[in-house]
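J.: Before we start, here is the structure in question, set down as structure tokens.
No lab work stands behind these numbers, since they all come straight from the coordinates. On a predicted model such as this, the values are computed, not experimentally measured, just so you know. With ideal geometry, Cβ positions are generated from the backbone for all residues, glycine too; neighbour counts draw on all protein chains shown.
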Amino acid sequence: MPGVFARTKKARTAMTHKYSAGQNVYYEPTFGNAASRGKYKVIRPLPLENDNRLAYRIKSIAESFERIAEEHQLTRTD
């Protein structure tokens with residue numbers, strides 16, 4: 001039977017990162033997260049995962065480690 005095994009095409013929207021490596025951003029953690037809010041530098045954008053959330057590795061001058069932040073938690077500072 002024709003059409004029984006027809007595949008449907010999903011509409012895809014091109015999602016692109018708003019920030020690039022080296023940019024300064026302000027990080028506002030979500031409620032309940034003990035992370036320090038403030039100025040951070042984007043280390044690199046992370047690949048798009050199955051949940052379609054844009055995320056970044058960020059680092060503060062005041063901390064010795066990197067964090068992962070979602071794009072909605074960041075705002076541009078420069």
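J.: Looking at Asn52, Asn24, Phe65, which one has the Cα that reaches farthest to the positive end of the dipole of segment 24-76 (charges on Cβ: Lys, Arg +1; Asp, Glu -1)?
T.: Asn24
J.: Once you have all Cα-Cα distances for segment 24-76, histogram them in 10 Å bins from zero and send the whole-percent values.
T.: Computed distribution, short to long bins: 27, 56, 17, 0.
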